[in-house]
Structures are given as C-alpha cells and as structure tokens.
Amino acid sequence: KPIEPPEVDGRVPRRVVDELTERLRVGLQVAFDEAQRLAGRPAMPDPDLAIDESLKPELPDAGLDLNRRG
C-alpha cells in the first residue's frame, strides 16, 4: 500500500522527513527480501535452517600465530 506523506502547511520539519524516509527504507527492504525469497535466492540465510558443516570451506593455514604479541 502506498506511503502517503503527511499534509502540512509550509515547511516540513526534518523529523517528519526522517520518519517518512525510514518508513520508505523499511518498506523497500521488506519488498526486496520477499522478491528474493520468491525467486529462490534469499539475500540472507534462513536462521531456522541448520548449517551443513561439510559445506563450509576450509581456510588454508597461513602460518600466522594470531595469539603472539609484539
């Protein structure tokens, strides 16, 4: 459903512009996420699905000791 701007006379307070901009940003993100999900390519993994540890790539050991100081 459309996001209607408030009816005001004169100058619009910045707070009102910020609130409307945030509503628009959230609405666009929800629509994008739903479109991605329907296309079978969700932008974020579903946290309810278990992660298959065997699919995680192994990173090569670079020989760096990250615990060493100095």
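Please treat every number below as a calculation from the coordinates, not as lab data. Here the structure is a predicted model, which is why all the values come from computation and not from measurement. When we count neighbours, we look across all protein chains shown, and the Cβ atoms used for this are built from the backbone with ideal geometry, even at glycine.
The table for this structure:
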{"read-out": "Region 27-43, residues that are of a type in the set (K, R) and within 12 Å of the chain's Cα centre (by Cα)", "value": "none"}
{"read-out": "Scope region 30-44; condition in a loop (DSSP other than H, G, I, E, B), of a type outside the set (D, E, K, R), exposed (fewer than 10 other Cβ atoms within 10 Å of the Cβ) and on the phi < 0 side of the Ramachandran plot; matching residues", "value": "A39, M44"}
